[in-house]
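In what follows, a structure is listed as structure tokens, so that the remarks can point back to it.
The values are calculated or read from the model by the stated rules, or taken from the named source; none is laboratory data. These numbers come from a predicted model, not from an experiment. Don't worry about glycine lacking a Cβ; one is built from the backbone with ideal geometry, like all the others, and counts go over all protein chains shown.
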Amino acid sequence: MTRTPSYDRPLLLGLALLLAGTAVLLRDPDTDPAPRPQNAARPAPTQTAPPATRAPAAGPDHADTTPAGDHTTSTPAPRETATPRPVPSDQPVSGDGPAGDYAIQRLLDRTTPTDLAPTTARHLTRLATRVWLAETTGADRAAWPSYFTGTDLRAPYHDVRVQAAVAHQEGQQPGRVEVRLVWAGADAAGEFRDGRTARVLLERHRNEWKPVR
């Protein structure tokens, strides 16, 4: 049996003491194994935005405190009243009565002038006026028996007057004339109207003008 030499015991004892000291250092809580650098950057503190401020709601406590004198009041512009324009004296106006007949005659002469000699035109418009009065009222029909044969006037007009008349040559026949009339009168129901229109045809027979249909 081999025995360990005695000179090895001190060496083993020193190694054991060294290992024990190392263990104590590793277990010391006051020793920081990884010290933090002094110049390490610290996280910036988080800043919280202040809450938004709401405008005060309009109400009785927030009424407009502007002095009454500071308000500008706008005065509406006065409305212009249209001034009626006077009717020209040569323009016919309904309801004028006999005083307005002259204006109707002027209007006819200007818009549809006669193409006959003045003397002939006046004679024929007068004749046509008499014929039309007989047509509407029944009076003096006997003057033209061939024109009013078999025609009975069942509902005659009254208060009839011819307001204006103008004569024109009818077609290519020299002995035939059309007379245009504007007349007024009341019907059997009593309704009076002016500005009615009519026409009467006239033919010349042996130098005499007679109404024809």
(message) Against the definition (in contact with a His (Cβ under 9 Å, 6 or more places away or on another chain), of a type in the set (A, V, I, L, M, F, W, C), in a strand (DSSP E or B) and surrounded by 13 or more Cβ atoms within 10 Å (Cβ to Cβ)), how does residue 209 come out, yes or no?
(response) yes
(message) For region 173-194, check the following and say yes or no: at least one residue is part of a strand (DSSP E or B), within 46 Å of the chain's Cα centre (by Cα), under 21 Å from residue 99 (Cα atoms) and free of Cβ contacts under 8 Å to residues at least 24 places away in the same chain.
(response) yes
(message) Among (1) in contact (Cβ under 8 Å) with a residue 40 or more places away in the chain; (2) farther than 14 Å from residue 198 by Cβ, there is one condition residue 126 misses while meeting the rest; what is its number?
(response) (1)
(request) May I ask you to say which residue of 206, 180 is out of contact with any strand residue (DSSP E or B) (no Cβ under 9 Å at 6 or more places or on another chain) and among the basic types (Lys, Arg)? (result) 206
(message) If the requirement is being surrounded by fewer than 17 Cβ atoms within 10 Å (Cβ to Cβ), touching a residue at least 24 places away in the same chain (Cβ under 8 Å) and either in a strand (DSSP E or B) or within 52 Å of the chain's Cα centre (by Cα) (or both), which of these qualifies: 99, 155, 121?
(response) 155
(message) Of the conditions (1) in contact with a Lys or Arg (Cβ under 6 Å, 6 or more places away or on another chain); (2) modelled with pLDDT under 95, residue 166 satisfies every one except a single condition; which number is it?
(response) (2)
(request) Name the single residue, out of those in region 124-152 being surrounded by 15 or more Cβ atoms within 10 Å (Cβ to Cβ) and among the small types (Gly, Ala, Ser), that is modelled with the highest pLDDT. (result) 128
